[in-house]
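Single-structure report; data block below.
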């Protein structure tokens with residue numbers, strides 16, 4: 001019994017360390033890429049990577065995704081986004097530690113979400129704005145918001161989270177749910 005408990009503790013510690021290491025690498029990649037973008041793109045026009053599809057362009061976003069909240073006064077906006085980010089990271093941590101050992105996809109989703117949230121939080125604390133530099137578009141017809149590595153991590157985490165919710169939701173059979181206490185007869 002004691003050996004089983006020690007193995008469970010060791011497994012939990014290793015799980016936290018491995019997810020923490022991945023989250024840390026994500027934050028470092030985000031911050032290093034933003035530092036590169038500031039040095040390489042400051043004062044320069046957009047740089048085409050794939051003609052008509054992908055550009056590098058430096059932007060400092062004071063708002064949330066798609067610049068929501070950018071028009072608010074700078075200091076209250078900064079305090080709000082820092083507090084909201086810290087709250088989100090705290091919620092992610094609680095959900096991570098409540099996840100069972102078999103909920104791997106959920107834990108990885110939360111790890112990616114936390115990594116991206118911390119990456120953007122660092123920018124908000126330092127400057128009140130998030131550095132974005134990746135821009136996707138379809139010619140002049142459609143332009144997506146300019147984003148960064150943290151946003152990619154957040155998006156990947158959301159995709160995994162949706163997959164986890166979809167895969168873990170029990171699907172009723174084609175004939176509808178069974179009444180309590182009844183079992184399905186063989187065909």
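The values are calculated or read from the model by the stated rules, or taken from the named source; none is laboratory data. Not measured: the values here are computed from a predicted model. Cβ atoms come from the backbone with ideal geometry, glycine included; neighbour counts cover every protein chain shown.
Is at least one residue of the range 24-39 in contact with a strand residue (DSSP E or B) (Cβ under 6 Å, 6 or more places away or on another chain) and touching a residue at least 24 places away in the same chain (Cβ under 8 Å)?
Taking the range 24-39 first, the residues in contact with a strand residue (DSSP E or B) (Cβ under 6 Å, 6 or more places away or on another chain) are 34, 37.
Filter once more, keeping what is touching a residue at least 24 places away in the same chain (Cβ under 8 Å): 34, 37.
Checking the range 24-39: at least one residue is in contact with a strand residue (DSSP E or B) (Cβ under 6 Å, 6 or more places away or on another chain) and touching a residue at least 24 places away in the same chain (Cβ under 8 Å).
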### Summary
All conditions in (1) closer than 19 Å to residue 147 by Cα; (2) touching a helix residue (DSSP H, G or I) at 6+ places or on another chain (Cβ under 8 Å) are true of residue 103 except (1)
### Query
Can you find even one residue in the range 61-69 that is at pLDDT below 95, in a strand (DSSP E or B), under 23 Å from residue 138 (Cβ atoms) and in contact with a strand residue (DSSP E or B) (Cβ under 6 Å, 6 or more places away or on another chain)?
yes
## Note on the structure
Restricted to the range 160-187 and to residues being at pLDDT 90 or above and touching a helix residue (DSSP H, G or I) at 6+ places or on another chain (Cβ under 8 Å), the residue nearest to residue 29 (Cα to Cα) is 160
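In the range 70-86, what residues are in contact with a strand residue (DSSP E or B) (Cβ under 9 Å, 6 or more places away or on another chain) and modelled with pLDDT of 80 or more? Can you show your working first?
Looking only at the range 70-86, we keep the residues that are in contact with a strand residue (DSSP E or B) (Cβ under 9 Å, 6 or more places away or on another chain), and these are 70, 81.
Correct list: 81 only.
In this structure, is residue 35 surrounded by fewer than 16 Cβ atoms within 10 Å (Cβ to Cβ) and either assigned to a helix (DSSP H, G or I) or touching a helix residue (DSSP H, G or I) at 6+ places or on another chain (Cβ under 8 Å) (or both)? I'd like the intermediate steps shown before the answer.
Details: surrounded by fewer than 16 Cβ atoms within 10 Å (Cβ to Cβ): yes; either assigned to a helix (DSSP H, G or I) or touching a helix residue (DSSP H, G or I) at 6+ places or on another chain (Cβ under 8 Å) (or both): yes.
Judged against the criteria, residue 35 is a match.
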### Query
On the given criteria, is residue 95 farther than 26 Å from residue 37 by Cα, free of Cβ contacts under 8 Å to residues at least 40 places away in the same chain, part of a helix (DSSP H, G or I) and touching a helix residue (DSSP H, G or I) at 6+ places or on another chain (Cβ under 6 Å)?
yes
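Rundown of residues vs (1) in contact with a strand residue (DSSP E or B) (Cβ under 8 Å, 6 or more places away or on another chain); (2) surrounded by fewer than 22 Cβ atoms within 10 Å (Cβ to Cβ); (3) over 30 Å from residue 80 (Cβ atoms); (4) without any contact (Cβ under 8 Å) to a residue 24 or more places away in the chain, yes/no style:
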{"site": "125", "(1), (2), (3), (4)": "no, yes, no, no"}
{"site": "132", "(1), (2), (3), (4)": "yes, no, no, no"}
{"site": "141", "(1), (2), (3), (4)": "no, yes, yes, yes"}
{"site": "144", "(1), (2), (3), (4)": "yes, yes, no, yes"}
{"site": "151", "(1), (2), (3), (4)": "yes, yes, no, no"}
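When the range 81-96 is examined, which residues are found to be within 17 Å of residue 130 (Cα to Cα) and either surrounded by fewer than 16 Cβ atoms within 10 Å (Cβ to Cβ) or under 13 Å from the mean Cα position of the chain (by Cα) (or both)? Talk me through it step by step, then tell me what you get.
Going residue by residue through the range 81-96, those that are within 17 Å of residue 130 (Cα to Cα) are 81-86, 88-89.
Those that are within 17 Å of residue 130 (Cα to Cα) and either surrounded by fewer than 16 Cβ atoms within 10 Å (Cβ to Cβ) or under 13 Å from the mean Cα position of the chain (by Cα) (or both): 82, 83, 84, 85, 86, 88, 89.
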